[in-house]
1. At q = 0.06, 0.10, 0.11 Å⁻¹, what is the log10 ratio I(q)/I(0) for the chain, with the Debye formula run over Cα points and no solvent?
2. Ranked by Cβ crowding within 10 angstrom, fewest neighbours first, how are TYR35, TYR42 ordered?
3. Just for the chain, what percent of DSSP beta bridges are antiparallel, to the closest 5?
4. In whole angstrom, how far apart do the alpha carbon centroids of the range 5-79 and the range 86-126 sit?
5. If I take all pairs of Cα atoms in the range 167-231, what percentage of them are more than 19 Å from each other?
6. Please figure out what share of the DSSP beta bridges in the range 338-411 is antiparallel and state it in percent, rounded to the nearest 5.
7. Please compute the alpha carbon radius of gyration of the range 111-226, then divide it by the globular-protein estimate 2.2 N^0.38 Å. Two decimals is fine.
8. Please state the charge dipole magnitude for the range 111-226, taken about the Cα centre, from unit charges on C-beta atoms (+1 on K and R, -1 on D and E), reported in debye and rounded to the nearest 20.
Amino acid sequence: MNSFRIDRIGSGGDGVAEGPDGPVYVPFGLPGEIYERDAGGYFSLKGPDSEQRVGARCQHFGVCGGCIAQHMRRDVYEAWKRGLVAGAFNAQGLAAPDFSFVSVAPGSRRRCTLTAARARDGIRLGFHAAKSHDLIGLRECPVLMDAIVSRFDGLAAVANTTFGMMSKKAREGTVRLQVSALGGALDVAIDATGVNVDVDGRTQLADLAERHGFQRIAIGDDVVVLRDIPPLVTSAGVITPPPGAFFQAVESAERTMADAIVTGLGKSKRVADLFAGIGTFTLPIARKARVMAIDSDKTALVALKEAANRSQGLKPVSTLLRDLFREPLSPMELADFDAVVMDPPRAGAKAQAEAVAKSKIGTVVMVSCNPATLARDVGALLAGGFKLGPMVAIDQFLWTGHLEAVAVLKR
């Protein structure tokens, strides 16, 4: 057997040891621990646990692929998360930035996607195992709000009813449920193939909604049950999200991000909100500045505009339907604005950042869920004469390798 001493924690949460042929990655290993690897490639701990190790918060940890860091002591965990940002910037040839760090509370995640499959003992509902198609049936989850966890049985029943309306072959697959806790009830958007929604199915789903507190159930674009309008409350207005719409997974994280954006914009009067989605940041910005919200999702922009029209005390809000990946705003088009907010998906906004760098925009606020693409796009802006100002990292997805950030750049 080969023996390895863990030296550090890698970006993926594994313990990293230096082997004769390069780095060796040990799942859940911590610095100072010694592991042996057998002929089959499996690691076993030899000797005491690291002082940096703590007990996991969840019975599923180590099997469920949702969390990778519940075993880390709090200070070790925060240092690892901070290192994700520093490492990403260093990889772009940039100095690690100074930034504040904010973490959400356990049990505060209001939105998740659960997978359901048929099993011999009924419906299995949960998350996939790490790097596997195996589905882990959840009995608890310390990350999710109790409003979701306490309704696991009801959600499994919704999945079971959905399977009953699917073709025989489609039932061999899975049903995905995007679940959001809004206004004390649940909003459920179902993604499944081969579903033929019939009268009996609608009736069963309506009964389940009544019994378990589901305010809306949609299968694809078909709103099957609507007991109430799901309210997404922001600091500047209430948005009715379309079924399956994206918004921040934790309410406190969204507030932190919105506050950082508005503060970063300063006295800007004309703001382009790029990749605006349903407008969770657009509305708070509009309390101080005129905003053009731009996104490629027509349904999201309709919800945004309706929310803006209902809200009081906002500056004018306009919308533009546009795919900013295919057609970034040009420096000439950006001349109409004095500030830009960019909140792209994980892929970042390389082409748009390069266009902004060539414009006369004076303030940019970058919102990112991926330190690697954030560092790349910040690098493009720095090359265009911007300077990096205040930055905050938000640990919205506890015990995972994901990290949100808001960075302010000015010139």
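What follows is calculated from the coordinates using simple rules that are stated; it is not laboratory data. Quick caveat: nothing in here was measured; it's all calculated off a predicted structure. Positions of Cβ are generated from backbone atoms using ideal geometry, with glycine treated the same way; all protein chains shown enter the neighbour counts.
1. -0.28, -0.78, -0.93
2. TYR42, TYR35
3. About 65 percent, rounded to the nearest 5.
4. So the two Cα centres are separated by 18 Å.
5. Counting pairs separated by more than 19 Å, the tail of P(r) holds 30 percent.
6. 75
7. 0.99
8. For this selection, approximately 340 debye.
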